[in-house]
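Structure first, commentary second.
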Amino acid sequence: MTTAAAPPEETLSEQGAPGAAPPPWWLRALRWTAEANVAVVSFCAIVFGLFVGAILIVVTTPATLTAWGQIGSAPGHSLSVIFSTLGNAFGALFTGSIFSPSAVGHAISTGQGWAAAFTPISETMVSATPLILAGTGVAIGFSTGVFNIGGQGQLIAGAIAATYVGFGVHLPLVPHLVLVVLAGAAGGAVAGFIPGILKARTGAHEVIVTIMLNYIFLNLLNYLLVTPPLQQPGQSNAISRTVPASARLPHLFGGGLRVNVGFLVALGVAAAAAWFMKRGTLGFEFKVIGANPSAGRTAGMDASKATILVLTISGALVGLAGMSTLSGTDFFLSSGYGGNNGFNAITVALLGRNRPLGVVLGSLLFAALSTGGRYLQANTNIPLDLTQVIQAVIVFLVATPALVREIFRLREAGAGKILLFTKGWGA
Amino acid sequence: MSVVELAPSDLVAAPEGRVVTSARVRGMGAFLLALAAIMVLAFGAGVPSDAKATFLLSAPPAIGLAPLVMPVRWVSIALAVVCAGLGAALLVRARPRGSYLTFGAGVTVFIWALLAWAARGNTLNFEQMLAETLVSATPLVYGALSGVMCERSGVVNIAIEGQFLAGAFLGAMIGSATGVLWAGVVAGAVAGAIFGALLAFLALRYGADQIIVGVVIVAFCTGLTNFLTEQVLTPYQATLNSPSTFSPAGIPLLDKIPILGPVLFYQNVFVYGAAVLLVVVQVALFQTRWGLRARAVSEHPRAAETVGIHVLSVRYRNVILGGVIAGIGGASFTIGSIGEFSADMTAGLGYVALAAMIFGRWRPFGALGAALLFGFSISLQSFLAVLNVGIPSPFLSMTPYVITIAVVSGLVGRVRPPAADGVPYSRE
């Protein structure tokens, strides 16, 4: 836990004599790694998250528990069992999400099997796509002081709309895809507009309304899935029709790699959001109202309008996330569609400190954890839910930079602050 | 960092009061008139004139009452007249005073007609429906009281859902492993306390955003209980996840009262516990020095500190106690009724409890009223599903959530929470 203890020479040269030459770059670089800036805090949070995961594995796996019991009589054996279990688990996390050294070695030596070598990283990008879209949406809300926990509902709304347009409209590939994308955004926007207008008009707090809407949309989906025209004809199961090829996002590479145009769309949306929040007039208004509503009002900004717009835009982006999995990889809807993506969007937005670039990096990390987690579950029987625990621990620490500073003994730095604003119930 | 915003409307509101405008009162009146129209058209004219509905009004310990048999059409029309009268009164008078009572009476009358309509040509066990209302409301009361404890000291506890899950999990596991149900209750309380302490630790010591920490606690508890269920409970189902449940116990004599006896006085310890806790929290908050201090800390921590109250200690204590209460409420999910933990079994009720706390204006008995309302909507949807009224079951399942939104936006509106609720405190 004390990996980042400061080297002694650093503290000695911390305050140079007046007029002394600035410290050489490598010393500054070394110092940077020991201060609580964004990158170091995030890194420490990830390390600690994985550490908690390791403890959970050790205390819940029968083999390691048995080994632990024998630690007095055969310590060498016990430790080797524990470390091999952990090694296998984290190896599987890595192999399942980044690459498998043996597959890459095989591809290099034989010149074949490149697709297999790239499958894990492609799957990570596939999982990251909805997280980037939804996380960006939630982040835009956060920076305006609006807490959108309705990701799950908005994602389902977007996916439902995209599915209707997918099987209901017959057009060539490009115009059809454009329509599907717009439908996804529109579906999510409607689901975001509801809490927006309720908050602006009646003061109903968006945290409660969006959570309730999650359950409402889950049930709405359950209804639609067993009702024509959405239900797959001739099926008694709760499964929707499958969208045709013209409504599917094309793969970026051949060889069965599933990473698709949706990933590029997600990166594009994140870039656009970054521009919007940094340079756009509306984005500026959003930020001002988030930081200080009274100042915004004094400057003539309409906080109610901003709340409605922010939740609508936020919902539209989350709706795109639903569209991206539907047209990118799944092609049909089923009960509980979207899984944890809606909630993970919140943690990703927190991890990325509400900046689109941060959201992209956070999404890639979380996607790697869950892709690796699926491989872990398949290969070692350790449940996938482990990764959700790891993710939550990471976000606990990211939300509490002061705690990270204490655990890892980092020096204070101005950049470690998160710019987040949530408001009490009355606002 | 939380930003407390004072809108002009907050300034005219009475302390802890709702802002009830006459426009809102007229809206309630119009809504009741619409309900009356539905009652006449759908429940009155829409059924055969000879259709009858039977409500069962008695359960074992109570003195038996004959079932109530009603001609659906005429009862609906008579009730519609009452409902329309109440609506018209609200529309004409348009005064806030008593408007909620009038509105509540109108909605009650509507629900009576709805039940008669749903049970046409059939039998509804009304007695059991009321009993289930109380059972469904019980965890919500615990959750809402937990919220009251925390927020009346100035800390937003949005993690109730997570504390429910933790309490339900550990309650089931310990109750099953030891075979002692009371150990399960204690374990649930401990689980809740742990996450209350975590919230307090991160929010008070490090000034982390309380809403964010709360949401992440929910994510953490969901992930952890899912993980442990698959990894630990499922392989040892028989020993670790098969607790018995508290069986109902009657209070002598009182449980003989017709209709209300079995509902109120033939329940399990969790229901009685909620009732006791309700009174304890109410008295403690509003009649004791401790409660005065907590409320002072939630309204103006700086002033409280000035007169010698240790703000952070008060907050730590309240948040951890709140966790204990939510954890016990969580245990009621497993060792109170179902007797087994399953993944995500609380299904968002922790958030519904939060809504109940807000609707109850941060007061224990207000929260009880809201919890009973939500509990009734949960019980209503399950009984309508059994009566097979032709409404698809997903729509029935939506009912509690739709009612929560309707209540939070239509009836509650802008509320006034404790002034320093959610604001980190530090001595300068």
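List of remarks:
- In this structure, B:THR108 does not satisfy being of a type in the set (Ser, Thr, Tyr), surrounded by fewer than 20 Cβ atoms within 10 Å (Cβ to Cβ) and outside any helix (DSSP H, G or I).
- You will find that of A:LEU257, A:LEU249, the residue that is assigned to a loop (DSSP other than H, G, I, E, B) and within 12 Å of A:SER324 (Cα to Cα) is A:LEU249 and no other.
- One residue stands out among those in segment B:118-153 that are touching a helix residue (DSSP H, G or I) at 6+ places or on another chain (Cβ under 6 Å) and among the charged types (D, E, K, R): the one that is surrounded by the most Cβ atoms within 10 Å (Cβ to Cβ), which is B:ARG152.
- Looking across B:LEU396, B:LEU387, one residue alone is of a type outside the set (Lys, Arg), more than 11 Å from every other protein chain (Cβ to nearest Cβ), touching a helix residue (DSSP H, G or I) at 6+ places or on another chain (Cβ under 6 Å) and surrounded by fewer than 24 Cβ atoms within 10 Å (Cβ to Cβ). It is B:LEU387.
- Residues within segment B:339-384 that are among the aromatic types (Phe, Trp, Tyr) and surrounded by fewer than 17 Cβ atoms within 10 Å (Cβ to Cβ), tallied: 1
- Matching entry among A:LEU198, A:LEU155 (being at the interface with chain B (Cβ under 9 Å from one of its Cβ atoms) and under 30 Å from B:ALA356 (Cβ atoms)): A:LEU198
- Sub-7 Å Cβ pairs linking a first residue in segment B:43-60 that is outside any loop (DSSP other than H, G, I, E, B) to a second residue that is among the β-branched types (Val, Ile, Thr), at least 6 apart or interchain, are B:PHE43/B:VAL72; B:GLY44/B:ILE77; B:LYS52/B:VAL69; B:LYS52/B:VAL72; B:ALA53/B:VAL72; B:THR54/B:VAL69; B:THR54/B:THR123; B:LEU56/B:THR123, ordered by first then second residue.
- Candidates in segment A:45-82 are the residues that are closer than 29 Å to A:SER127 by Cα and away from chain B (no Cβ under 14 Å); of these, the one that is surrounded by the fewest Cβ atoms within 10 Å (Cβ to Cβ) is A:PHE51.
- In segment A:371-397, the residue that is nearest to the other protein chains (Cβ to nearest Cβ) out of those that are within 22 Å of B:THR234 (Cα to Cα) and small (Gly, Ala, Ser) is A:GLY373.
- The residues of segment A:184-235 that are surrounded by fewer than 24 Cβ atoms within 10 Å (Cβ to Cβ) and of a type in the set (Phe, Trp, Tyr), listed by number, are A:PHE193, A:TYR215, A:TYR223.
- Residue count for segment B:208-238 satisfying the condition of being aromatic (Phe, Trp, Tyr) and either facing chain A (nearest Cβ under 7 Å) or in contact with a strand residue (DSSP E or B) (Cβ under 6 Å, 6 or more places away or on another chain) (or both): 2.
- Residues of segment A:203-227 classified as more than 22 Å from the chain's Cα centre (by Cα) and of a type in the set (Ser, Thr, Tyr), total: 2
- For segment A:229-248, filtering for residues that are in contact with a Phe, Trp or Tyr (Cβ under 9 Å, 6 or more places away or on another chain) and polar (S, T, N, Q) leaves 3.
- Being over 26 Å from B:LEU204 (Cβ atoms), away from chain A (no Cβ under 14 Å) and touching a helix residue (DSSP H, G or I) at 6+ places or on another chain (Cβ under 8 Å) is a condition met by no residue of segment B:346-357.
- Residues within segment B:399-428 that are at the interface with chain A (Cβ under 8 Å from one of its Cβ atoms) and among the hydrophobic types (A, V, I, L, M, F, W, C), tallied: 6
- When residues of segment B:194-248 are limited to those that are free of Cβ contacts under 8 Å to residues at least 60 places away in the same chain and closer than 17 Å to B:ALA331 by Cα, the one surrounded by the fewest Cβ atoms within 10 Å (Cβ to Cβ): B:SER247
- Restricting A:SER102, A:SER97 to those that are of a type in the set (S, T, N, Q) and more than 16 Å from A:ARG374 (Cβ to Cβ) reduces the list to A:SER102.
Table: residues versus (1) closer than 30 Å to B:SER426 by Cα; (2) in the same structural domain as B:ILE320 (by TED's automatic domain parsing); (3) touching a helix residue (DSSP H, G or I) at 6+ places or on another chain (Cβ under 7 Å).
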site	(1), (2), (3)
B:ALA200	yes, yes, yes
B:VAL215	yes, yes, yes
B:PHE220	yes, yes, yes
B:ASN226	no, yes, yes
B:LEU233	no, yes, yes
B:PHE246	no, yes, yes
B:PRO258	no, yes, no
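- Of all residues in segment A:205-251, those satisfying the criterion of being within 14 Å of chain B (Cβ to nearest Cβ), more than 18 Å from A:GLY151 (Cα to Cα) and without any contact (Cβ under 8 Å) to a residue 60 or more places away in the chain are A:TYR223, A:VAL226, A:THR227, A:PRO228, A:GLN231.
- Every condition in (1) more than 22 Å from A:MET212 (Cα to Cα); (2) at pLDDT 90 or above; (3) crowded, with 24+ Cβ neighbours inside 10 Å holds for A:ALA321 except the one numbered (1).
The values are calculated or read from the model by the stated rules, or taken from the named source; none is laboratory data. Bear in mind that the values here come from a model prediction, so they are computed numbers and not experimental data. Methodologically, a virtual Cβ is constructed for each residue, glycine included, from the backbone with ideal geometry; neighbour enumeration extends over all protein chains shown.
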